[in-house]
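K.L.:
Here's a structure for you.
Here, each number is a calculation from the coordinates, and none is a lab measurement. Because the structure is a prediction, the values reported are computed rather than measured. When we count neighbours, we look across all protein chains shown, and the Cβ atoms used for this are built from the backbone with ideal geometry, even at glycine.
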Amino acid sequence: MESSIASAPGKVILTGEHSVVYGYPAIAVALGLRCKVKASYQDEGLTIRSKDLNLIHTYSLNDLQHIEQKLTVFKKFDNIAFGAFLAMNKKPVGINLEIESEIPISSGLGSSAAVSVAAIKSISNLFEQNLIDKEISDLAYQSEIIAHGTPSGIDNSIATYGGLLKFEKGNITLNKLNFTIPLIIGNTQVQRDTKKIVKNVKDQFDHFPKIIDPILKTMGELTENAENALISGDFKKLGELLDINHGLLSSLGTSHPKLDDLIWKMRSMNVLGAKLTGAGGGGCMIAIAENINTANTISKKLNEEGYNIIVTNLSPEGVKIESN
Ligand code: MEV
């Protein structure tokens, strides 16, 4: 085999962000937006090329060993390089990786984990080593440590397995999705500072424990209901729960005028429900639509008005080989 192409999905947190930090469950789902990584042999070193970012970095064996010691080399692709190095069994084989991605970067949509997972799968297939999904997810978790320090494991798991993932007190449960729902993602393009927002919620919790604790508990209960609605295909109920979840997240101070603007615009266009996703304070919002035509009409109209909207769907598919 001369080359191998693998792809993996991005993700969104459907419900339970912030309350998950306090031990309540959160649900993440895989997206129809995917990245593709082509692995092929080259003379020496590891070259990573992103068509979308118009960027190339080549890592020597020494560079890869530096990353293992948590030393920065180029920063941008160090996490992917480290995952690839692990998939190469730390051997000095020359590998070229070409990345093409539909997943917006730095938007809380799990783009870095998806690229690591696809890179590891494509290398493992090129080596005819065929790592099982758990091994791929575990290696990608090591990449995520390079990228984020203390990752939850949500992003590498969902990029590997696809479908629906429930995260609670450090435990991950996976569930297959038997259907897709049109999902509209609005990107405010406002940079968010996850650490700062998580700290603001903690400060509020410390000031008003008797008020904030019941809100977090309600978010946990809401996530249980959302999981059941999703598994049973009750999208109307799921939409109502997304709306409530956004209200609760707003009460914790995690929304942003640009998120609220998009959410209310989409509600006025009859989505089933809409909320912020991830840390908030900027970043992305999500809405579910009754059908793909409604989703496309909303997206077209809002993109014409200058917003940044993508239509995709919830996807059952995790990492897979596209071609050899
Ligand atoms: C950020 O994507 C999700 C938060 O719940 C933080 C976390 O879970 O670490 C806000």
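K.L.:
GluC sites (Glu not before Pro), restricted to segment 1-77: which are DSSP loop and have at most 13 other Cβ atoms within 10 Å?
P.N.:
Numbers: sites: 2, 17, 44, 68; in loops: 2, 17, 44.
Sites meeting the loop and neighbour criteria: 2, 44.
K.L.:
To continue, here is another question. Given the pairs 176/199; 70/275; 11/169; 51/196, which are separated by over 29 angstrom at their Cα positions? The partial results should precede the final answer.
P.N.:
Working: 176/199 33 Å; 70/275 36 Å; 11/169 20 Å; 51/196 32 Å.
Among 176/199; 70/275; 11/169; 51/196, the Cα-Cα distance tops 29 Å for 176/199; 70/275; 51/196.
K.L.:
Right, here's the next one. As a footprinting exposure proxy, order 60, 40, 19, 323 by other Cβ within 10 Å, with the fewest listed first.
P.N.:
Numbers: 60 13, 40 17, 19 25, 323 10.
Fewest to most other Cβ atoms nearby, the residues stand as 323, 60, 40, 19.
K.L.:
Provide the three semi-axes, in whole Å and in decreasing order, of the ellipsoid equivalent to segment 14-63 as defined by the square roots of 5 times the Cα gyration tensor eigenvalues.
P.N.:
Working: eigenvalues 272, 49, 21 Å².
Gyration-tensor ellipsoid for segment 14-63: 37, 16, 10 Å.
K.L.:
Further, regarding this structure: Sum -39500 (n - 2.57) across every DSSP H segment of at least 4 residues in the chain, then divide by the residue count to get the 222 nm mean residue ellipticity, nearest 500.
P.N.:
Numbers: 10 runs with 138 residues, N = 324.
Mean residue ellipticity at 222 nm (helix-derived): -13500 deg cm²/dmol.
K.L.:
Further question on the same structure: Compute the distance from the alpha-carbon center of segment 98-136 to that of segment 267-306, in whole Å.
P.N.:
Measuring centre to centre over Cα atoms gives 27 Å.
K.L.:
In whole Å, largest first, what are the principal axis extents of the Cα atoms in the chain?
P.N.:
Between the extreme Cα coordinates on each principal axis of the chain lie 58, 45, 36 Å.
K.L.:
Rounded, prolate or oblate: which one fits segment 183-270, using the alpha carbon gyration tensor with axes a ≥ b ≥ c (rounded when a/c is under 1.5, else prolate when a/b beats b/c, else oblate)?
P.N.:
Numbers: a/c = 2.21, a/b = 1.20, b/c = 1.84.
Note, shape of segment 183-270 comes out oblate.
K.L.:
Around residue 274, which amide H atoms from residues at least 5 apart in sequence, or from another chain, sit under 5 Å from its own amide H, with H modelled in the peptide plane?
P.N.:
Those qualifying (amide H under 5 Å, at least 5 residues apart or on another chain) are 243.
K.L.:
Express the relative contact order of the chain as a whole percentage, based on alpha carbon pairs under 8 Å and six or more residues apart in sequence.
P.N.:
Details: 714 pairs, mean separation 86.0, N = 324.
Reported as a whole number, the value is 27 percent.
K.L.:
If you line up the long axis of helix 209-232 against the longest principal axis of the chain, both from Cα atoms, how many degrees apart are they, to the nearest 10?
P.N.:
Between the helix axis and the principal axis of the chain, the angle is about 70 degrees.
K.L.:
Taking loop as defined by DSSP and a crowding limit of 14 other beta carbons within 10 Å, which trypsin sites (Lys or Arg not before Pro) in segment 38-69 fit? Write down the numbers at each step before the final one.
P.N.:
Details: sites: 38, 49, 51; in loops: 51.
Of the trypsin sites (Lys or Arg not before Pro), the ones in loops of segment 38-69 whose Cβ has at most 14 other Cβ atoms within 10 Å are 51.
K.L.:
If you fit an axis through the alpha-carbon atoms of helix 133-148 and take the longest principal axis of the Cα set of the chain, what angle between them do you get, 0 to 90°, nearest 10?
P.N.:
Between the helix axis and the principal axis of the chain, the angle is about 80 degrees.
K.L.:
I would also like to ask the following. If we count other beta carbons within 10 Å of each Cβ, what is the order of 43, 63, fewest first?
P.N.:
Details: 43 6, 63 19.
Arranged by neighbour count, lowest to highest, 43, 63 become 43, 63.
K.L.:
OK, next. Please give the residues of segment 292-316, grouped as numeric ranges, whose backbone N is less than 12 Å from a label point set 7 Å along the Cα-to-Cβ vector of residue 54.
P.N.:
none
K.L.:
On to the next question. Which order do the peptides 78-91, 275-288, 230-243, 195-208 come out in when sorted by mean C-beta neighbours inside 10 angstrom, highest first?
P.N.:
Details: 78-91: 22.0, 275-288: 25.9, 230-243: 17.7, 195-208: 14.0.
Answer by packing, highest mean first, reads 275-288, 78-91, 230-243, 195-208.
K.L.:
I would also like to ask the following. For segment 1-143, place one equal point scatterer on every Cα, skip the solvent, and apply the Debye formula. What is log10 of I(q)/I(0) at q = 0.13, 0.20 Å⁻¹?
P.N.:
The Cα Debye sum returns log10 ratios of -0.55, -1.18.
K.L.:
Can you sort 251, 299 from fewest to most other Cβ atoms within 10 Å of each residue's own Cβ?
P.N.:
Numbers: 251 13, 299 22.
With the sparsest Cβ surroundings first, the list reads 251, 299.
K.L.:
Please give the contour-minus-distance gain from residue 207 to residue 178: 0.36 nm per residue of separation, less the Cα-Cα distance, rounded to one decimal in nm.
P.N.:
Numbers: separation 29, 0.36 × 29 = 10.44 nm, distance 4.33 nm.
Length gained, residue 207 through residue 178: 6.1 nm.
K.L.:
Only Lys, Arg, Asp and Glu count, each charged at its Cβ (+1, +1, -1, -1), so figure out the dipole size of segment 36-180 about its Cα centre, rounded to 20 debye.
P.N.:
Values: 14 positive and 16 negative charges, 42 e Å.
Roughly 200 debye, rounded to the nearest 20.
K.L.:
Expressed as a rounded percentage, what relative contact order does segment 107-167 have, with Cα pairs under 8 Å and six or more residues apart? If you can, show how the numbers build up before the last one.
P.N.:
Values: 51 pairs, mean separation 23.7, N = 61.
So the answer I get is 39 percent.
K.L.:
Further question: Nearest 10 degrees, 0 to 90: what angle lies between the long axis of helix 235-251 and the longest principal axis of the chain (Cα atoms)?
P.N.:
80
K.L.:
Taking a ≥ b ≥ c as the square roots of the eigenvalues of the Cα gyration tensor of segment 217-262, is the shape rounded (a/c under 1.5), prolate (a/b larger than b/c) or oblate? Please report the intermediate quantities before stating the final value.
P.N.:
Details: a/c = 3.82, a/b = 1.68, b/c = 2.28.
Oblate, since a/c reaches 1.5 and b/c is not below a/b.
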